[in-house]
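I have placed the structure first, in the form of structure tokens, so that the comments after it can refer back to it.
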């Protein structure tokens, strides 16, 4: 069988062998329930505490501010719904037009319960209109939720600037950092972040594990009921194997060659432009492994199928929305026309990708 060229790491990543080994250890050997008071339970509880230390240090947080969840979607839901449950008087939620569906669709569900949802527009490069954000924050604003980097176009927002504004106006600030955790430098205190979501399967850990950072003192309530685990905010027995694998992935990712990936990304962008590709979003302030490109007048889905037959894996949009027959609202928010949107492809690289693989993809795209 031909080797797969995997360029869909924004959707999910392969699990590191070291992560799988660590998970197996906590499945077959250290399998105690961390809520049990016997020695095995105490052992896994200490392991969980150590995992929180490793993860918290990656974002400049305290271990007890990390709440383990099943992933980014649950973290996003807990952040917004949990804050809403603790404060019934404020009914305005501010998001960007290019938020992940777990924020965007949740907000429109909350609209049915009397919440006013304000969408901050973005420019052609994918950056939010800061002046409109500044104007919209008022005394009725419950929370501002702006993602750190978009999962489709990879554009990185100025989170520090947004955080400073929210802190000045005394409004809670949440950021979806699923795509930037362990890729971009994050310090929640310096950036003025009150809540932050992240997911394990984007960095070589397993699916089904993530966390929500909750700044100490933040008023928030659980959205599921049934236990005191995770400071009472996420009841239910913790997924210890996945958590330990997540912490191991964080340690491994710290040694990733980000410079190599950025150089490969830039080379890929140059070669795509040579064959008529139009890069969507900012070329500079984007994730070092993200390439979102349009071939105007072509059909991205058709291209994807042909590439897949050649063992090249990529996507046309977020995996969360790829099977929905809807307009690509992210690219539409940038102001792209229908031809550009229809001809869009997303490639997301990893450290194991090579120039030879990129050259092969370019060759196949030329044929198409």
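The values are calculated or read from the model by the stated rules, or taken from the named source; none is laboratory data. Nothing here was measured: the structure is a model prediction, and the numbers come from that model. Glycine gets a Cβ as well: all are built from the backbone with ideal geometry, and neighbour counts include every protein chain shown.
Structure notes:
- Qualifying position, being assigned by TED's automatic domain parsing to the domain that holds residue 51 and either under 25 Å from residue 354 (Cβ atoms) or in contact (Cβ under 8 Å) with a residue 40 or more places away in the chain (or both), among 231, 294: 231
Residue by residue, here is whether (1) closer than 20 Å to residue 50 by Cβ; (2) touching a residue at least 60 places away in the same chain (Cβ under 8 Å) holds:
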site: 186; (1), (2): no, yes
site: 191; (1), (2): no, no
site: 209; (1), (2): yes, yes
site: 215; (1), (2): no, yes
site: 245; (1), (2): yes, yes
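- Which listed residue, of 265, 311, 254, is crowded, with 20+ Cβ neighbours inside 10 Å and touching a residue at least 60 places away in the same chain (Cβ under 8 Å): 265
This table checks each residue for (1) in contact with a strand residue (DSSP E or B) (Cβ under 8 Å, 6 or more places away or on another chain); (2) closer than 17 Å to residue 174 by Cα; (3) surrounded by fewer than 18 Cβ atoms within 10 Å (Cβ to Cβ); (4) at pLDDT below 95.
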| site | (1), (2), (3), (4) |
| --- | --- |
| 53 | no, no, yes, no |
| 57 | no, no, yes, no |
| 60 | no, yes, yes, no |
| 63 | no, no, yes, no |
| 68 | yes, yes, no, no |
| 75 | yes, yes, no, no |
| 79 | yes, yes, no, no |
| 85 | no, yes, yes, no |
| 93 | yes, yes, no, no |
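- Any chance residue 266 is out of contact with any strand residue (DSSP E or B) (no Cβ under 7 Å at 6 or more places or on another chain) and over 27 Å from residue 205 (Cα atoms): no
- Criterion violated by residue 328 - all others in (1) under 23 Å from residue 123 (Cβ atoms); (2) surrounded by 14 or more Cβ atoms within 10 Å (Cβ to Cβ); (3) at pLDDT 95 or above satisfied: (3)
- Leading residue by the ranking (farthest from residue 241 (Cα to Cα)) among those in region 156-205 that are under 13 Å from the mean Cα position of the chain (by Cα) and in a helix (DSSP H, G or I): 202
Each row is one residue, and each column tells you yes or no for (1) out of contact with any helix residue (DSSP H, G or I) (no Cβ under 6 Å at 6 or more places or on another chain); (2) modelled with pLDDT of 95 or more; (3) closer than 19 Å to residue 202 by Cβ; (4) outside any loop (DSSP other than H, G, I, E, B).
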{"site": "305", "(1), (2), (3), (4)": "yes, yes, no, yes"}
{"site": "341", "(1), (2), (3), (4)": "no, yes, no, yes"}
{"site": "347", "(1), (2), (3), (4)": "yes, yes, yes, yes"}
{"site": "350", "(1), (2), (3), (4)": "yes, yes, yes, no"}
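- Condition check for residue 61: under 30 Å from the mean Cα position of the chain (by Cα), in contact (Cβ under 8 Å) with a residue 60 or more places away in the chain and part of a helix (DSSP H, G or I): no
- Flag if residue 48 is within 18 Å of residue 213 (Cβ to Cβ), part of a helix (DSSP H, G or I) and not assigned by TED's automatic domain parsing to the domain that holds residue 293: yes
- The single condition among (1) within 30 Å of residue 225 (Cα to Cα); (2) part of a helix (DSSP H, G or I) that residue 117 does not satisfy is (2).
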